[in-house]
2 protein chains.
Amino acid sequence: MPPGGVGSRASAMATLRGLAHERFVDPQVGGLLEELEARDLDPESDDGALVRVTRRDYDHSVKIPAELVAEAARASTEARPVWQLAREDSDWKLFAPYLDRNVDINRRIADALGYAERPYDALLDRSEPGMTTRQLDALFGRLREAIVPLVHEIGRRQDAVDDSCLWGDWDERAQLDFGMQVVTRFGFDSERGRQDLSAHPFSSGLGAGDVRITTRVSRRSVSQAMFGTMHESGHAMYTQGHAPEFDGTPLWGGASPGVHESQSRLWENLVGRSRPMWRYFLGPLRQAFPGRLDGVDEETFYRAVNKVYPSLIRVEADEVTYNLHILLRFEIENDLLDRELKAADVPEAWNAKVEQYLGIKVPDDTQGALQDIHWSGISFGGFPGYTLGNVIGAQLMETVREAIPDLDDQIAAGEFGSLHGWLKEKVWRHGRKFTPGELLHRITGRSLEAEPWIRYVQQKFAEIYDLDLAAPRQH
Amino acid sequence: MPPGGVGSRASAMATLRGLAHERFVDPQVGGLLEELEARDLDPESDDGALVRVTRRDYDHSVKIPAELVAEAARASTEARPVWQLAREDSDWKLFAPYLDRNVDINRRIADALGYAERPYDALLDRSEPGMTTRQLDALFGRLREAIVPLVHEIGRRQDAVDDSCLWGDWDERAQLDFGMQVVTRFGFDSERGRQDLSAHPFSSGLGAGDVRITTRVSRRSVSQAMFGTMHESGHAMYTQGHAPEFDGTPLWGGASPGVHESQSRLWENLVGRSRPMWRYFLGPLRQAFPGRLDGVDEETFYRAVNKVYPSLIRVEADEVTYNLHILLRFEIENDLLDRELKAADVPEAWNAKVEQYLGIKVPDDTQGALQDIHWSGISFGGFPGYTLGNVIGAQLMETVREAIPDLDDQIAAGEFGSLHGWLKEKVWRHGRKFTPGELLHRITGRSLEAEPWIRYVQQKFAEIYDLDLAAPRQH
């Protein structure tokens, strides 16, 4: 979009959102829902799910007063440019009063929605239905316990992995084409989607037959576009895989941002950064960039794409450290909502946590508490979705491996049909029919657990970095 | 858009159009209009124009019964694929019954809208407000009289112009960049617009700050993308030039398709295919394609881009023959509407007119009456806009030349600011405030006339083809 287009797009979006909201919260819709609920539809049926999911959306929409919605929109619009300025100058004081107001509005939204234990529950339930703060507390506790020592161990062995083969000068067109070659093999359907360039990669579903991914390409490194494309293809295949009959109904979409992220992470990391992946794809990659990878073997390449870089910036974080970035935001958002922390004191809390979890010092707030755009909007409760994605992805993958015992052989042969088919059948086609917890239970027979992901990460990185995790070094 | 996206886009468009229509035809809107009309607002004022234009749109919208709108949409949807098939096989009989139905629906729409003399008046008034069939009859009569002999004369001197310098192998990226270089100098604002590729060039205004042009590029010839981009920039600058306060109101948009086309033709032909244009731009073009135009001088290049090719296909027609393609469609549409011609007999009428006007034989209906998509929809009355564009453009240009006597010197110096400013002030900023006739009268002091265009074309092409038009050759 050209710079001048911002205003008209914002105004078109506001008009459409306003009209859609106005029609949806009509009491007649509530009446129709009551009528349908009285029919006791089979909760396993699509009709039953349709009523259940629409009721959830309806309640969320009617509970928040229109004035509060308008106030939230206004506050975001005002805070956004201030955050931008503050970030440029690393000037937290400028932004702090706006964050205080945003915390207050988040809190009032939580109050309007209602919650059993903590305000965060209300906000979380809106994006991750059925999930509680208590559950996440336990999950993050386990992750912290397991990863913090792992990150510290890896930090001592930085030189064990050499990723210099990924750097240099890589033709941009060839990178885009290679990414499409990979995700087309994964099963991304180009008849019902396309790839474009963007500054911030995303995927979007304009309809069942039009699911787009965008990619950012860097000439300096071959990995950004490649793994970015795999990541977005996971989101896009999820959308392409919804049951066609859900198109245009409230059941169309992902179960939650967390479940969505599980699909992107699964393809990006559990598949894309695996050994068998590169047994197959190193050849095509060499063909795409003649001469660029001479003398680089599968093992070197596999290790390179898995190098761990403890970093200050969430969006640059690797597979191991990513969840720690989310953990600290989860803790800070909760403390703010519970009024145990004031906006003014956020940088201090932030910097202490970064040092504790990642072992690095934050030089300024631009690289610290001002790095993400999220707090300039009214969107508390959204960050955990990223960690849920990692954890759910790994938990699903353990069940996949039971169902497809020779998965690694298939991947090493460039065959992704069984995996694609399994995910479509078990996850994608259901759209929003089940909550994340219901879906996970149906598929794995268990609730959400941190253990599969911890096992996966410990095993993979202990081997890459030659660590003896059974007997952690004293420090 | 990926192929699979057609369905969801169609459904989204239908929903939005339906909702917008439903809200607009609400009798409350009619009541508000009556209230405002009673206030006797100054017809020259924006408020006065807003009420007048909204009334016109409202009357058009309420006069056509919803069932007829739905029937028209259904008929188009059904006829489109049949037209496509018929065109592939040059099988008019397949398409004829669908055209008969479309004629009937066009006729019923005309009846619903009402007209003084002929059904065509009603359809024409919808796109070119204030214009009558009688007026067009006279206009086309003058054009036919003047151009048919000119085309025949030029046909005898085909070899007088050599355009081989335009053909060969031209880098596509460089063509796009050169096109942008040209239209940026014209005054197209990239901060509020952008250029993209498409199979069928068009321009679109998503909002005052987001006006896009699309371009088709052929490696084989440098002229298609170049003149296509100039053409679309004319449309786009018109849109970018509307008074900002009209944004989001019924006054935002062009006065009519004909006036819109006058702006695209003016920049493409009256400026783009002029001698001073290439005095300035041949240098930059040489720089964009090093070595490609060695030994080609301004005069050769100017003559090449003005070569006349009497052709069977409207969209490939040159400046001289274009109006004849429109003329024959205008005549056939009128005969169909007046029930003087049946769909079955259209090819015969078509082929006779092509031979009479253009001096060429139609080998099959694919290159004849089946070439355009238009008749598969319910859009009679639209074709004259193309000819109005040529004629209005030339008429405006005569007034421009009085206002800016050294226009050619400015163009030859690559200066387009005065022309851009004049058009913005006189045409673009007014949006839909005035009808085409009102606008033309305000600017030129005269009604629509064929003479300026005829003078322009006769003078230009008599010189290029070395014709003595004062004493036409006997034949």
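What follows draws every value from the coordinates through simple rules; no lab data is involved. Fair warning: this is a prediction, and the values are worked out from it, not measured in the lab. Note that we place each Cβ from the backbone using ideal geometry, even for glycine, and neighbour counts take in every protein chain shown.
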Calculate the length of the line joining the C-alpha centroid of the stretch B:380-406 to that of the stretch B:219-234, in whole Å.
20 Å
Relative contact order (percent, whole number), chain A, Cα cutoff 8 Å, 6+ residue spacing:
22 percent
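Using the Cα atoms of chain B to build a convex hull, what is its mean projected area in square nanometres?
About 23.2 nm², averaged over all directions.
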Kirkwood Rh, Cα atoms: Rg over Rh of the stretch A:364-466:
1.06
Please average, across the residues of B:207-216, the number of beta carbons from any other chain that are within 10 Å of each residue's own beta carbon, and give a whole number.
4
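Would you mind getting the Kirkwood hydrodynamic radius of the stretch A:218-341 from its Cα pairs, rounded to one decimal in Å?
17.2 Å
Where Rh denotes the Kirkwood radius from the mean inverse Cα pair distance, what is Rg over Rh for the stretch B:210-272?
When Rh is taken as the Kirkwood radius, the ratio is 1.06.
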Using Cα positions and a limit of under 16 Å, work out the lysines in reach of A:Lys433, with same-chain residues fewer than 8 apart set aside.
A:Lys424
Sort out for me the Cα centre separation of the stretch B:269-316 from the stretch B:407-443, rounded to whole Å.
24 Å
Would you please put A:166-175, A:145-154 in order of how densely packed they are, using the mean number of other Cβ atoms within 10 angstrom per residue and starting with the highest?
A:145-154, A:166-175
Computed Kirkwood radius, in angstrom, where 1/r is averaged over Cα pairs of the protein assembly as shown
32.5 Å
At R0 = 51 Å, how high is the FRET efficiency between A:Gln181 and B:Glu22 if r is their beta carbon distance? Nearest 0.05 is fine.
0.60
At B:Asp372, label 7 Å along Cα→Cβ: distances to the other copies, nm, ascending?
5.7
So A:Val315 and A:Glu245, fully extended at 0.36 nm per residue minus their Cα-Cα distance, gain in nm 21.7 nm
Scalar couplings 3J(HN,Hα) for the stretch B:269-279 by Karplus 6.51 cos²θ - 1.76 cosθ + 1.60 (θ = phi - 60°), nearest whole Hz, x for Gly and Pro, are 9, 5, 9, x, 9, 9, 5, x, 3, 8, 4
Calculate log10 I(q)/I(0) of the stretch A:143-185 for q = 0.15, 0.26, 0.27, 0.30 Å⁻¹, where I(q) comes from the Debye formula with a single equal point scatterer on each Cα and nothing for solvent.
-0.68, -0.87, -0.91, -1.03
In sequence order, what are the phi-derived ³J(HN,Hα) couplings for the stretch A:139-147 according to the Karplus relation 6.51 cos²θ - 1.76 cosθ + 1.60 with θ = phi - 60°, rounded to whole Hz, with x for glycine and proline?
4, 5, x, 4, 5, 4, 3, 8, 8
Only four residue types carry charge here, +1 at the Cβ of Lys and Arg and -1 at the Cβ of Asp and Glu. Report the dipole size of the protein assembly as shown about the Cα centre in Debye, rounded to the nearest 20.
560 debye
For peptide B:110-121, compute the average count of partner chain beta-carbon atoms within 10 Å of each residue's beta-carbon.
0
In nm, spacing of pseudo-spin labels at A:Gln356 and A:Asp466 (7 Å Cα→C-beta vector):
3.4 nm
Which value at 222 nm does chain A reach when only helices count, each DSSP H run of 4 or more adding -39,500 (n - 2.57), with the total divided by all residues and rounded to the nearest 500 deg cm²/dmol?
-19000 deg cm²/dmol
Once amide hydrogens are built 1.01 Å from N within the peptide plane, the residues lying 5 or more places from A:Ala450 or on another chain with amide H under 5 Å from its amide H are none
Innermost chain A residue relative to the axis carrying A onto B, by Cβ distance in angstrom
A:Leu19, 4
Which distances, shortest first and in nm, link A:Asp177 to the matching position in the other copies, using label points set 7 Å out along Cα to C-beta?
2.0
Filtered trypsin sites (Lys or Arg not before Pro), the stretch B:13-52: DSSP coil and at most 15 other beta carbons within 10 Å
B:Arg39
Tell me the label-point distance for the pair A:Asp42, B:Arg80, using the 7 Å Cα-to-Cβ offset, in nm and rounded to one decimal.
3.8 nm
log10 I(q)/I(0), Debye, Cα-only the stretch A:275-405, no solvent, q = 0.14 Å⁻¹?
-0.80
One decimal, nm, nearest first: from B:Asp57 to the same residue in each other copy, label points 7 Å out along Cα→Cβ, the values are 2.9
Shielding score for B:4-13, defined as the mean number of other chain Cβ atoms within 10 Å:
5
For the pair A:Tyr115 and B:Asp297, the simple spin-label estimate (label points 7 Å beyond Cα toward Cβ) gives in nm 8.2 nm
Per residue of the stretch A:414-429, what does 6.51 cos²θ - 1.76 cosθ + 1.60 with θ = phi - 60° give for ³J(HN,Hα)? Whole Hz please, x for Gly and Pro, Karplus curve as stated.
x, 9, 10, x, 5, 5, 4, x, 5, 5, 4, 5, 8, 10, 5, 5
Applying a 10 Å radius around every beta-carbon, put A:332-345, B:315-328 in order of their mean neighbour count, most first.
B:315-328, A:332-345
Residues whose placed amide H lies under 5 Å from that of A:Gly193, excluding near-sequence neighbours
A:Val211, B:Gly4
